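A quick write-up on the structure given underneath.
The values are calculated or read from the model by the stated rules, or taken from the named source; none is laboratory data. Remember, it's a predicted structure, so these values are computed and weren't measured experimentally. All Cβ positions, glycine included, derive from the backbone under ideal geometry; neighbour counts span all protein chains shown. We work out accessible area using only protein heavy atoms, side chains counted, and drop any ligands, DNA or RNA first. Shrake-Rupley method; radii C 1.70, N 1.55, O 1.52, S 1.80 Å.
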Amino acid sequence: MDQHIATPLGVRLDQASGLFQVSRRVFTDQTFLELEHQKIFEKCWLYFGHDSELPEPGSFLTRTVAGRDFIFSRDSAGQVHVLYNLCTHRGGRVCREKSGKASVFQCFYHGWVFGSDGGLRLIPQEGAYPAGYRNERDRGLVSVPRLENYRGFWFINLDASAMSLSDYLAGAKEYLDDIVDQSEIGMTIVPGGQNFQVDANWKLWHENGMDPFHVHSVHATYFEYSADVLKAGKEKAQASGVSTEAFDTKASAEVMMKGRYAALMQTKTKLSFDLGNGHMAYNYPSTHGRPFAQWHPSWDARYKPELDQLYEKLVARVGPERARRIAHFDHHILIFPNLAIVDNHGIMIRTYFSKKPEEMLVQSWTIAPKEESAEIRKLRLYSYMDFLGPAGFGTPDDVEAIEAAQRGYKGAEDYDGWNDISAGLAPKDPESFIRNGDEGRMRVFWTKWQEYLSN
Amino acid sequence: MLGSSTIGSSFYTDDMTYLVPTPGMPDASPETSLFLINDDRFRMENRVKRLKKRTAHSEYPHSITVHMTTNLRVAEHTADGTQVNGAFHVSRFKDGIMDIFLGRVRYCLVKDGEAVRIRHKRCDLGMDALVPQGRLTIIL
């Protein structure tokens, strides 16, 4: 008999039969979406933006997070604020620009003026109000209940009584460190934030980021391209007398298998995919070029000395073991509920939120070391699109897969359909995990999701 | 970044570039800003090669597209070639959904014997997010 994890029933587990299932209604039913908004998005820490997006006092940008319009601003004293972009007078949209620099924001509806710290500076008809009216604390723009940052990543929480961000991020922090420590002086968001709509529920995108089994079928053309790139690169390197030996050794089947085995064993033994609070992460030895810092034969030989030097400096700074992990492995980090950081051909930061069950708005950015040379930055931005982005050779096929699934789910309501996420729950082959991976990390998400909805 | 030319169209020169900036960034450079597409000949050829496969899932079954280019004007002749500016309107129909991509196009054209070839093509989308399109998997 099924052991129901909780009601409303979105997830069910039958350990004895090795069965873990997710109801397809959780992707189509408005009731589930409303519960998620209330019990997850109004309770969890949500990624808002990066410190580097506000480079100086007066810098601001507008952003919609969890369906709320906010102003992200750095005041004249350098302090960062997230303010509801809503005039306290009659609810006009106070800031209508995407980004810029300003000392004040004036609401265009009736002209009230607010400072970059949110304080009310001016009411055009001030004589109509009692003395001191303007200076009352609650006349200023309303701040988001909680705003905290971890090493430059700013998160908000709509629940004033939430645990600290640091406690919330739990075991994910050391994985974020492996991103941040790619710079000696700090990371910066590169211009070109990409927003796009995907016609699927937000959870499908998050789930896809943890799904080990889609990779070879969904991304077959990427792997074929990757093989062509390597072949052409090696021919070019050979023709110009550049040795690819170091790369060949590093990316040999034997070394890759050892690296993969070690990464999976670490996952298995230390459960590093379950980082607490629904977060998960995994590292994977990389066979392609990494702008920080692994030269690839398809890249011009002139980049090699600089990438090698970056690596040597990293070894000196963090030691050989961690340097190898940071520079020669790809990193996937999924922070509950809706933040993904993928570090492979470049670093992609992505959030997703559904206003309707069957669609989501995706916001994505790329981030790079501040001190990176112009040449490596150019290489990074070229490399990114080998896989990532709405026109890359990988991401759009993920979108196709989840949109196709979403289209079918409506029909599944007719027969109470369930998705199967059982792989690895009770494997008949104990070595299966090492050979294939399993769906355990997806269960980390779903178990936490059900827990939030049941509270 | 690789210069081979095993497949692909003779419409383009060997040193071609095909750029689509992130929507909303008309003056951006691919060297300092994240783009949607930043192809040299090697990656453009592989884009075409990929699109022809059944396993390029985002474009299978193949979408129906219509390309219109209009308002073309020769802007100037430079050492690179002839700069031609215009507007494009591309429709993509797949799975019952019509997506529209429109914007401004800038070509740099060169003469190669009797033929005219594209050295650079840059399409700036007239939108600031891929809403509702979600992806750009066809060639504009």
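A few remarks follow.
- Set A:K370, A:K378, A:K410: member being within 9 Å of another protein chain (Cβ to nearest Cβ), open to solvent by 20 Å² or more (accessible area, probe 1.4 Å) and out of contact with any helix residue (DSSP H, G or I) (no Cβ under 7 Å at 6 or more places or on another chain): A:K378
- In segment A:219-235, the count of residues that are farther than 27 Å from A:Y311 by Cα, among the hydrophobic types (A, V, I, L, M, F, W, C) and within 14 Å of chain B (Cβ to nearest Cβ) is one or more.
- Only one entry of B:A75, B:A28 meets the criterion of being over 15 Å from the mean Cα position of the chain (by Cα), open to solvent by less than 70 Å² (accessible area, probe 1.4 Å) and within 24 Å of A:M348 (Cα to Cα), and that entry is B:A28.
- The lone exception for A:F292 - which of (1) in a helix (DSSP H, G or I); (2) of a type outside the set (D, E, K, R); (3) out of contact with any Lys or Arg (no Cβ under 7 Å at 6 or more places or on another chain) it fails: (1)
- Residue count, segment A:414-445 (criterion: among the charged types (D, E, K, R), open to solvent by 60 Å² or more (accessible area, probe 1.4 Å) and in a loop (DSSP other than H, G, I, E, B)): 3
- Of the helices (runs of 4 or more DSSP H) lying entirely inside segment A:198-258, those containing at least 2 residues that are open to solvent by 50 Å² or more (accessible area, probe 1.4 Å) and at pLDDT 90 or above are A:220-239.
Yes or no, residue by residue, for (1) within 14 Å of another protein chain (Cβ to nearest Cβ); (2) buried (at least 16 other Cβ atoms within 10 Å of the Cβ); (3) closer than 25 Å to A:S364 by Cα:
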position	(1), (2), (3)
B:R104	no, no, yes
B:Y107	no, yes, no
B:G113	no, no, no
B:V116	no, no, no
B:R119	no, yes, no
B:L125	yes, yes, yes
B:V131	yes, no, yes
B:L136	yes, yes, yes
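- Here A:L388, A:L334, A:L314 are screened, and the one residue that is within 14 Å of chain B (Cβ to nearest Cβ) and of a type outside the set (K, R) is A:L388.
- When A:L334 is tested against (1) closer than 17 Å to A:S286 by Cβ; (2) at pLDDT 95 or above, only condition (1) is not met.
- Here A:M360 fits the description: facing chain B (nearest Cβ under 10 Å) and at pLDDT 95 or above.
- One residue alone among A:K410, A:K448 is at pLDDT below 90, basic (K, R) and not in a loop (DSSP other than H, G, I, E, B), and that residue is A:K410.
- When A:M385 is tested against (1) open to solvent by 10 Å² or more (accessible area, probe 1.4 Å); (2) touching a strand residue (DSSP E or B) at 6+ places or on another chain (Cβ under 8 Å); (3) over 29 Å from A:K448 (Cα atoms), just one condition goes unmet, and that condition is (1).
- Only one of A:T287, A:T244, A:T249 that is touching a Pro at 6+ places or on another chain (Cβ under 7 Å) and hydroxyl-bearing (S, T, Y): A:T244
- Per this entry, B:D80 is not counted among residues that are of a type in the set (D, E, K, R), open to solvent by less than 40 Å² (accessible area, probe 1.4 Å) and touching a strand residue (DSSP E or B) at 6+ places or on another chain (Cβ under 7 Å).
- Within segment B:33-55, considering residues that are among the β-branched types (V, I, T) and within 7 Å of chain A (Cβ to nearest Cβ), the one least open to solvent (accessible area, probe 1.4 Å): B:I37
- Some residue of segment B:82-100 being more than 8 Å from chain A (Cβ to nearest Cβ), of a type in the set (S, T, Y) and in a loop (DSSP other than H, G, I, E, B): no
- When residues of segment A:282-291 are limited to those that are at pLDDT 90 or above and open to solvent by less than 10 Å² (accessible area, probe 1.4 Å), the one nearest to the other protein chains (Cβ to nearest Cβ): A:G289
- Every listed requirement among (1) of a type outside the set (V, I, T); (2) part of a strand (DSSP E or B); (3) more than 9 Å from every other protein chain (Cβ to nearest Cβ); (4) closer than 30 Å to A:K231 by Cα is met by B:S10 save one, (2).
- For A:E321, the conditions (1) among the charged types (D, E, K, R); (2) farther than 30 Å from A:Q197 by Cβ; (3) touching a residue at least 24 places away in the same chain (Cβ under 8 Å) all hold with the exception of (3).
- When B:T69 is tested against (1) without any contact (Cβ under 8 Å) to a residue 24 or more places away in the chain; (2) among the β-branched types (V, I, T); (3) open to solvent by 60 Å² or more (accessible area, probe 1.4 Å), only condition (1) is not met.
- Filtered by the rule that a residue be under 22 Å from B:G24 (Cα atoms), over 25 Å from the mean Cα position of the chain (by Cα) and open to solvent by less than 40 Å² (accessible area, probe 1.4 Å), segment A:68-113 gives A:V94, A:C95, A:A102.
- Set A:T88, A:T64: member being of a type in the set (S, T, N, Q), part of a loop (DSSP other than H, G, I, E, B) and either under 22 Å from A:S364 (Cα atoms) or touching a strand residue (DSSP E or B) at 6+ places or on another chain (Cβ under 8 Å) (or both): A:T88
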